[in-house]
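Taking it in order: structure first as structure tokens, then the write-up.
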Ligand code: TXD
């Protein structure tokens, strides 16, 4: 029996998640959206791409959660996207209600699923899904670090004119301007970045990574990135569905790790059939630890706002 992935929100990211899932024949897809016709139309269009691209998966578009029953994974992409001049935090309360409502529906129809959250502000929305679902922390995961690391790797590969496959890069903590690209632990086939790129150039690449989302929002003017974010979420789903045990930076609930308690933060995790199977505690320098806690503090501020709203 093929696996089943539900994607909630059939907008830019949702539709592309469905396309990557189908192209990899990872699972049958159910695309859900509130707007009548959008998931049905995009679902049919993706289904009809199958004969051309050679994939045999079922793709259903719907406005009704009944079709999502017994999903293995649910990817939540629904919510408002940023407009130029808006910060991710400006989306907080609107997307909080959307994600909370969706999670309640999802849990009703797929009580054993694993939830991957994409909606912004990501860390706070992952915490919202965790609080609304009542699921164990292993089964609620936020997607940000895989995207931020992919941006870091793309810029490094471009600078050095090398294959992206040989670039290992780690980005920690919140999906915001305070994210921490860890130069010290990043390399090209084991060669430290600091041996390959001049300090000022490396600092510029770190800055561009931290500003990666805003750079694309500025270009697109009417929305935010969607190819890399959707590809990143599907890499996480693939590691879970195929029990690949990939070690990826994911937004997860920390309970003491890194000295942080009760907040969703982006750190390296092992993703397998049970979801988050291990959280890795990197040995960080004092400076890196300070940056990690500063970013986690920014996440906690947002989470405190939604906890008050949830009280
Ligand atoms: O790395 C990351 N996590 C981020 C995530 C990277 C880029 C974008 N990030 C965020 O993803 C972005 O800030 C938004 O919060 C979400 C989705 O972005 P997308 O670009 O896909 O937005 P769209 O194209 O506006 O699509 C959103 C869809 C749209 O079709 C709405 O009708 C639908 O969400 N929507 C809903 N569907 C179901 N249920 C409800 N309640 C609902 N509300 C809106």
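Checked against the criterion of being free of Cβ contacts under 8 Å to residues at least 40 places away in the same chain, surrounded by fewer than 24 Cβ atoms within 10 Å (Cβ to Cβ) and touching a helix residue (DSSP H, G or I) at 6+ places or on another chain (Cβ under 8 Å), region 109-125 contains not a single residue that satisfies it.
Please go through region 198-212 and give me each residue that is within 17 Å of residue 170 (Cα to Cα) and in contact (Cβ under 8 Å) with a residue 12 or more places away in the chain, ordered by number. Once the filter is applied, which keeps residues that are within 17 Å of residue 170 (Cα to Cα) and in contact (Cβ under 8 Å) with a residue 12 or more places away in the chain, region 198-212 yields 202, 205, 206, 208, 209, 210, 211, 212. Residue count for region 64-85, restricted to those that are near the ligand (Cβ under 9 Å from one of its atoms) and farther than 23 Å from residue 3 by Cβ: 4.
For region 128-150, the set of residues classified as surrounded by fewer than 24 Cβ atoms within 10 Å (Cβ to Cβ) and assigned to a loop (DSSP other than H, G, I, E, B) consists of 134, 135, 136, listed by residue number. Number of residues in region 155-176 that are surrounded by 24 or more Cβ atoms within 10 Å (Cβ to Cβ), part of a strand (DSSP E or B) and more than 13 Å from the ligand (Cβ to nearest atom): the value is 1.
Would you please list the contacts, defined by Cβ atoms under 7 Å and residues six or more apart or on different chains, that run from a residue in region 86-101 that is near the ligand (Cβ under 7 Å from one of its atoms) to a residue that is assigned to a helix (DSSP H, G or I)? Partner pairs satisfying both residue conditions: 95/125.
A count restricted to region 102-154 and to residues that are within 12 Å of the ligand (Cβ to nearest atom), touching a strand residue (DSSP E or B) at 6+ places or on another chain (Cβ under 7 Å) and closer than 22 Å to residue 228 by Cα stands at 16.
Taking region 48-72 as the range and being under 13 Å from residue 18 (Cα atoms) and surrounded by 18 or more Cβ atoms within 10 Å (Cβ to Cβ) as the test, the residues that pass are 55, 57, 59, 60, 61. Has region 190-197 got at least one residue that is part of a helix (DSSP H, G or I), touching a helix residue (DSSP H, G or I) at 6+ places or on another chain (Cβ under 9 Å), touching a residue at least 12 places away in the same chain (Cβ under 8 Å) and closer than 19 Å to residue 280 by Cβ? There is no residue in region 190-197 that is part of a helix (DSSP H, G or I), touching a helix residue (DSSP H, G or I) at 6+ places or on another chain (Cβ under 9 Å), touching a residue at least 12 places away in the same chain (Cβ under 8 Å) and closer than 19 Å to residue 280 by Cβ.
Residue 159 passes every criterion in (1) in contact with a strand residue (DSSP E or B) (Cβ under 8 Å, 6 or more places away or on another chain); (2) more than 26 Å from residue 289 (Cβ to Cβ) apart from (1). Against the test of being under 22 Å from the mean Cα position of the chain (by Cα) and within 19 Å of residue 263 (Cα to Cα), the options 78, 124 yield a single qualifying residue, 124. Could you go through region 208-219 and let me know if any residue there is surrounded by 19 or more Cβ atoms within 10 Å (Cβ to Cβ), under 14 Å from the mean Cα position of the chain (by Cα), within 30 Å of residue 261 (Cβ to Cβ) and within 16 Å of the ligand (Cβ to nearest atom). Looking for residues that are surrounded by 19 or more Cβ atoms within 10 Å (Cβ to Cβ), under 14 Å from the mean Cα position of the chain (by Cα), within 30 Å of residue 261 (Cβ to Cβ) and within 16 Å of the ligand (Cβ to nearest atom), one finds at least one in region 208-219, hence yes.
Return the residues of region 265-276 that are more than 12 Å from the ligand (Cβ to nearest atom), touching a residue at least 60 places away in the same chain (Cβ under 8 Å) and part of a strand (DSSP E or B); say none if nothing qualifies.
Matches in region 265-276: 265, 267, 268, 269, 271, 275, 276.
Scanning region 220-256 for residues that are away from the ligand (no atom under 16 Å from the Cβ), free of Cβ contacts under 8 Å to residues at least 60 places away in the same chain and not in a loop (DSSP other than H, G, I, E, B) returns 239, 246, 247, 254.
None of the figures in this text is laboratory data; all of them are computed from the coordinates on show. The model shown is predicted, which means the values in this text are computed figures rather than measured ones. Neighbour counts run over all protein chains shown; Cβ positions are idealised from the backbone, glycine included.
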